[in-house]
Protein chains: 2
Amino acid sequence: MRSTMQDQPLSLSRLLRYATTVHARSTVTTWTGETTRTRTYGELGARAAQVAHALTRLGVHRSDRVATFMWNNGEHLEVYAAVPAMGAVLHALNIRLFPEQLVYIANHAEDRVVFVDGSLLDTFTPLLPQLATVRHVIVVNGDAGALEAPAHVTVHAYEQLLAQEPATYDFPVVDEDAAATMCYTSGTTGDPKGVVYSHRSLYLHAMHLTTPGAMGLSPRERCLAIVPMFHVNAWSLPFAALMSGASLLMPDQHLQPEPLLALMAAGRPTRAAAVPTIWSGILARLASHPQDISHLSEAFVGGSAVPPALMQAFEERHGVRIVHAWGMTETSAVSTVAHPPADRPDDEAWQYRLTQGQFPALVEHRIVDDEGAVVPHDGSSLGELQVRGPWVTGAYYAPSPTADAGDHFDDGWLRTGDIGRITPDGYLTLVDRAKDVIKSGGEWISSVEMENDVMAHPAVAEAAVFGVPDDRWDERPCVAVALADGADADVITLRAHLADSWARWQLPERWAFVDAVPKTSVGKFDKKTLRRLYAAGELAITYAP
Amino acid sequence: MRSTMQDQPLSLSRLLRYATTVHARSTVTTWTGETTRTRTYGELGARAAQVAHALTRLGVHRSDRVATFMWNNGEHLEVYAAVPAMGAVLHALNIRLFPEQLVYIANHAEDRVVFVDGSLLDTFTPLLPQLATVRHVIVVNGDAGALEAPAHVTVHAYEQLLAQEPATYDFPVVDEDAAATMCYTSGTTGDPKGVVYSHRSLYLHAMHLTTPGAMGLSPRERCLAIVPMFHVNAWSLPFAALMSGASLLMPDQHLQPEPLLALMAAGRPTRAAAVPTIWSGILARLASHPQDISHLSEAFVGGSAVPPALMQAFEERHGVRIVHAWGMTETSAVSTVAHPPADRPDDEAWQYRLTQGQFPALVEHRIVDDEGAVVPHDGSSLGELQVRGPWVTGAYYAPSPTADAGDHFDDGWLRTGDIGRITPDGYLTLVDRAKDVIKSGGEWISSVEMENDVMAHPAVAEAAVFGVPDDRWDERPCVAVALADGADADVITLRAHLADSWARWQLPERWAFVDAVPKTSVGKFDKKTLRRLYAAGELAITYAP
C-alpha cells in the first residue's frame, strides 16, 4: 500500500529560497581583520542568484564541479548556497593539503571553475598550470589582475562578475539523490578518496544538526563557524544555519586567538564549532586578556579527542560548555554528539561527556570483532566501528587503480577503521585505529590508551605504542619512549606505572628509548615507520626483566 | 552525477530499534485515574515485539490495516510502534465520531484487527457487527469476555495475547514511501476522506517536531500528550518522542482539568500539546486549586485559534508559555509554529505569537487569489493558502464516488480551503474558510474576523457573519446576532461598534436578531444553514438605515 503523500524532494534549491525569504533578516558576518562585514540572508539570496547566473554564463551545467579555494567568509557562503541549488557540484578544496594532493584532487574531480580568495593567491597560483580541467578562476576580495593564468584559463573578479547579473534565478528542483557537494579524505596511504554528498544526505544531516540532540539551532542562535568550510562542508553548518535561520559568524583567514576573540566580542556567538587546538589557544589567550564569553553557551569540538582539562577550564572559568562530537568525511561530519544523559549524576554525566558521543536515530552502528562477529553494546566489548545510514557513504568516487584498495565496506556498512566500544545507551568510545590496535592472544590492547598512560608519567616526553609480532601471542605491544629533558626512568619504573591501570598480561615487555618519536607529515606518531624500524632491527629494545 | 551516499530509508522499524535501545531508559507514563503506570522504552521494545508476533500469528501481513479504538496510553503507544514497524498500516479510529462515520471509515480502510480500550467497549460494541472486514478484536485493559462479537470475529485479551510471544521480533526494512499510518478527515460535507502517511513523511515530520523551531525535544524533556493519538497521529509526538528520547506522559481517558493536573504534579512535564479548550479548563481549575506548573516551559496549542487572554494568563500567572501551532490532517498536523522572531521588541513579538505560526523549510507555501494568481507574502494580500512538501498529502485514499468531489489540488499543491495572509518572514494568519469568506465588489471580507468583532460588543452573546447574494456587490456580509440575556443593542449601535475597526464599505447592511446561532454537530456556527434560511426568507432581516 502506497501512501498518499506528495513526492517532494529534499532539495537545497528549495532550502535556499526558504532561507533567503523566511529568514531574510538573519545574517552572515565576516571578520575583516579589523572589523566586521555583515550581509543578511536576504542579500545572500540575491547574490547567490548572481553567482548562479554568472556560472551559467561561464558554461557550468548540472553535475559540473565548481571548486572553492577559500576561507570561511560570507562570499564562500554565497558560492556554497548557489552551486548545489543550480544542480552543479560544490567542491571545497582543502587549502592546507600538499600541492601534489591538491592537484590530484582537483584533476580527479574534474573541477571546471575555481573561486579563490585574494588572500590565498600566493598558494593557489603555482597550482593553476597543473589543474587540467579548470577553465575559469574567479578571484574573491582580491586583485584578479595580479593572477598569471595559462591561456586556457579566464580570470574574473568576483564583484565585477556579479554586478552584471540579475538578482533572481530560477533554481531547478534537483533529484534528491543527485550530487550536491564533494570532499576528499587525505588518508595516510594511497591517493585521496572522494566522497560525494547528495541533496538528501546534506538536508537530513543539516536537519539533524538543528535538533537539541546535536547543536539546537534556531533564529535565536548566532553560530561561530571556525571549522573550515573545506572540512566536510564545515560539518553542514552552512546548510543547518540556512534551514534554522541561525546567524553565522565567519573568521575568514583570522584563526589566531586574538582575532577570534575580537570577532566573538563583536558578534557574541551562542554556538561555535572548531577543533581542540583552536580552543586551547583561546583559553590561553583569555588567561592573559580576560573577556566575557559566557554568551557562548555551547562550543562544539571535533576532529580529535578533547582533553578533559580543557573542558573543565572553559566551564569553570568562562561558563562555556564544551561539547564533544565525532564524525568523519565518510559520515558527513557530525555522527555522534556527547550530550550526557539527563538522568545521571554529575560525575557519571562527566564520563559520558568524555566519550565521542551518542548516536542519533539516522546513524545505525555496530561493533564487529576480529572474526567478523557483531559484539554487544555493553560498554566494554571492543571491535571495529561500522555505521550505516542516509548520510554515510556507500562508496568512494571513481576510485583510481592506485588508490588505497582496502576493504572499506562490509555488507552495506561503512568500516570506519576505528576500534571502539558502545554503551547500551548508544555512546561511542573510540580507542584506536584498526591498523594500530594490538591483538595479543585473542585480546585487544588499545595502543592509544596505553601510550596516553605512559605519557602520564612525569619523566616521559612522548611515547608511542605499536604492535610487533610474537610467536606465542601473535602480537605484543612495544613502547617507543622519549624521556623528558633531564628526566630519568627505567623499564621497571614505567611498567610499574602502567600496572596501575593495566592487567599483568597486557604490560609490554619491549621498550625502546628514543630521542623523539617519528611523526607523519601531519604530526601524528608514525607507527608504520616504528614497525619497519623494529622489523629491521634498527630499534634498540630493552626487555622487561 | 550521483552521490556516493548509501541508499538507506527513513524507516519507522529502524526508529523503533533505535529508541528502544539507545533511549531504553526514557519512559511512557499513563494516568490510571489515581496514580501512574510507567514503562521504559526498553520495555516498550519488548512489548512491541510481542504485539508484532501476535499480529503475525493472527494473519496480519504487510499493508494490512490495524485499527485502534483507544485513549492515549502506554499500550496504545506499543501498538503505534509495532504496527508500522512490521510493515502494516496503523489506523487510529477517532472514538468521538458519529457511529455511522466510524463504520464508514473502518470499512473503507478495510481494517482487519481492532485494539480497543476496555473503557471504550460500551461505545465500540454496537459498531462491531457493522465492521465488515474486522476479524480480530483485542481488548486492552478490560474484560475481553464481556464483549459480544459476531461469529466471524475472534476476541482476545491484550496481556494474555502478548504473554505467549517472544520479546524480540525481526522487524523488516520497509520502503520509505510505503504506508505507515492513516487518518480520516471528518469534513462537514460528504464522506470522510482518508490520508495515508508514509514512513518517510512521518519520519521527516517527527524530526521537524524535535527541532527548536517546533517543540525542541531531547531526552531532557517530558512531554504531556493530551492531543489524542486518533487526531493526526497525535501530531507525530509518539514518533518524535521515540526519535529524540523525550519521555511521554499520557492521560488515558482522564481529560478533565483535575486529573490532568494530578498527572502534571506526578510527571512534571516540560512540554505539552492540546487544543485550546483543554487549556481554558486547566486555567479555570488553577484559579481555585493553585498548583505550581512552571515546570511546563512550553505548552503547544492547535486545533483552533487561541484566545490571547488565555496565553497572557498562563504566562503571567503560571510562567507557562503557550505556543500556537497550525496544521491539518492533510499536512501531518504541525505545519506552522508561532515562535516569534528573535529580533523584534516584545509588543511586536506578541503579534507574531498570535499568528498561526512560521513555516518550516519543508512546507512550501503560497497564497492564491480568486483568479488563481499567486499574491505576494506582504502580510496583507489575502487568498487561499496552498502548501506543498514531503509531509503534505497529494491525494485522498481511494476516494468514493459519494465523497466530496471538490478540487483539492492545484498543480501539485494542496488547497487547504483556508483563506489567509503570509508575512515576508513566513508567518501565516488564517482569516476564514474559503467557503465562508465574503467576496464583495472584488474585495474579501473575513467572516471570522467580523463576527469576532461583533461578539466583542458587551451586549452580544454570539454572532455569525455569512455572505449573501447582492446584485451590485456580488456578495455582502449578513450578521446573525443573539443578544446576551437582558442586554439590548440595535443595528445602529452595533454598526457603530464595528466602524472602529472596519472600513465604511465593509460594514454589513443586513442584520438578523436570533435567539441562538444554529450550530453544526461539532458545535461550530452552521453558516450553511444560515445561508439556506436567508435564501428561503426565513430570517427576519433588519436593514441598516
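The values are calculated or read from the model by the stated rules, or taken from the named source; none is laboratory data. Note that the structure is predicted; figures quoted are calculated from it, not measured. Counting neighbours? That spans all protein chains shown, and the Cβs are built from the backbone with ideal geometry, glycine included. Heavy atoms of the whole protein, side chains included, go into the accessibility calculation; ligands, DNA and RNA do not. Shrake-Rupley method; radii C 1.70, N 1.55, O 1.52, S 1.80 Å.
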Packing-ranked peptide list from A:190-197, B:195-202, highest mean Cβ count within 10 angstrom first, is B:195-202, A:190-197
Of the listed peptides A:428-435, B:23-30, A:341-348, what is their order by residue-averaged count of other C-beta atoms within 10 Å, with the highest listed first?
B:23-30, A:428-435, A:341-348
For peptide A:353-365, how many partner chain Cβ atoms fall within 10 Å of a residue's Cβ, on average?
4
Order these peptides, B:385-395, B:520-530, A:101-111, A:315-325, by their mean beta-carbon neighbour count within 10 angstrom, highest first.
B:385-395, A:101-111, A:315-325, B:520-530
Roughly how many nanometres apart are two label points built 7 Å out from the Cα toward the Cβ at B:GLU371 and B:LYS435?
2.7
Any GluC sites (Glu not before Pro) in the range B:452-545 that lie in a DSSP loop and have at most 16 other Cβ atoms within 10 Å would be B:GLU538
Using only the alpha carbon atoms of chain B, find the Kirkwood hydrodynamic radius as the inverse mean reciprocal pair distance, in angstroms to one decimal.
24.9
How many percent of DSSP beta bridges within the protein assembly as shown run antiparallel, rounded to 5?
55
Alpha carbon centre of the range A:362-437 versus the range A:319-348: separation in Å?
19
Around A:VAL60: net Lys/Arg minus Asp/Glu count, Cβ-Cβ under 10 Å
+4
A 1.4 Å probe over the protein heavy atoms gives the range A:12-334 a carbon and sulfur accessible-area percentage of 51
Gap in Å between the Cα centre of the range B:288-316 and the Cα centre of the range A:91-144?
57
For the protein assembly as shown, what is the calculated [θ] at 222 nm in deg cm²/dmol (nearest 500), taking -39500 (n - 2.57) for each run of four or more DSSP H residues and dividing by its residue count?
-8000 deg cm²/dmol
Show the residues, 5+ positions off or on another chain, whose built amide H is closer than 5 Å to the amide H of A:ILE138.
A:VAL114, A:PHE115, A:VAL116, A:HIS156
With Kirkwood's inverse mean 1/r over C-alpha pairs for Rh, give me the Rg to Rh ratio of the range A:12-334, two decimals please.
0.95
Would you mind giving the mean number of other chain beta-carbons within 10 Å of the Cβ of each residue in B:204-214, as a whole number?
6
Among the DSSP beta bridges whose two residues both lie in the range A:27-128, what percent are antiparallel, rounded to the nearest 5?
35
Between A:ASP378 and B:VAL275, what FRET efficiency comes out of the Förster formula 1/(1 + (r/R0)^6) with R0 = 41 Å and r the beta carbon distance, rounded to 0.05?
0.35
Over the Cα atoms of the protein assembly as shown, what is the Rg over Rh ratio if Rh follows Kirkwood?
1.01
How high is the relative contact order of chain A, in percent, with contacts defined as C-alpha pairs under 8 Å that are six or more residues apart?
10
Taking 25 Å as R0, compute the FRET efficiency from the Cβ-Cβ separation of B:ALA535 and B:ASP500 and round it to 0.05.
0.20
Compute the FRET efficiency between B:ASP470 and B:ASP490 as 1/(1 + (r/R0)^6), taking r as their Cβ-Cβ distance and R0 = 25 Å, and round to the nearest 0.05.
0.65
Kindly express, to the nearest 10 degrees and within the range 0 to 90, the angle between helix A:99-109's C-alpha long axis and the longest C-alpha principal axis of chain A.
60
Run the dipole for chain B about the Cα centre, Lys and Arg Cβ at +1, Asp and Glu Cβ at -1, nothing else charged, and hand back the magnitude in debye, nearest 20.
1360
What ³J(HN,Hα) values, in whole Hz, does the Karplus curve 6.51 cos²θ - 1.76 cosθ + 1.60 give for the range B:134-145 when θ = phi - 60°, with x put for Gly and Pro?
6, 10, 9, 10, 10, 8, 9, 6, x, 9, 4, x
From largest to smallest, what semi-axes in whole angstrom does the range B:403-545 give when each is the square root of 5 times an eigenvalue of its alpha carbon gyration tensor?
27, 18, 16
Please grab the % of Cα pairs in the range B:85-235 that end up more than 26 Å from each other.
37
The answer for the net charge of residues other than A:MET70 whose Cβ lies under 10 angstrom from its Cβ, with Lys and Arg +1 and Asp and Glu -1, is -3
Tell me, rounded to the nearest percent, the portion of alpha carbon pairs in the range B:1-128 spaced more than 19 Å apart.
56
Rounded to the nearest 10 degrees, what's the angle between the helix A:12-21 long axis and the longest principal axis of chain A, both from Cα atoms, 0 to 90?
70
What relative contact order, as a whole-number percentage, does the range B:94-188 give when Cα pairs under 8 Å and 6 or more residues apart are counted?
22
Apply the Karplus parameterisation 6.51 cos²θ - 1.76 cosθ + 1.60, with θ equal to phi minus 60°, to every residue of the range A:457-464 and state each ³J(HN,Hα) to the nearest whole Hz, in sequence, with x for glycine and proline.
6, x, 7, 9, 7, 8, 8, 10
What net charge do the residues around B:LEU15 carry, taking every other residue with its C-beta under 13 Å from that of B:LEU15, with Lys and Arg at +1 and Asp and Glu at -1?
+1
With angles folded into 0 to 90 degrees, how steeply does helix B:41-57 sit against the dominant principal axis of chain B? Use alpha carbons for both and round to 10.
80
Per residue solvent-accessible surface (Å²) - chain B, probe of 1.4 Å:
38
Starting from the coordinates of the alpha-carbon atoms of the range B:302-433, obtain the Kirkwood hydrodynamic radius over all distinct pairs and give the value in Å to one decimal.
15.8
Report the extension gain between B:HIS295 and B:GLU315 in nm, rounded to one decimal, defined as 0.36 nm multiplied by the number of residues separating them, less their alpha carbon distance.
6.0 nm
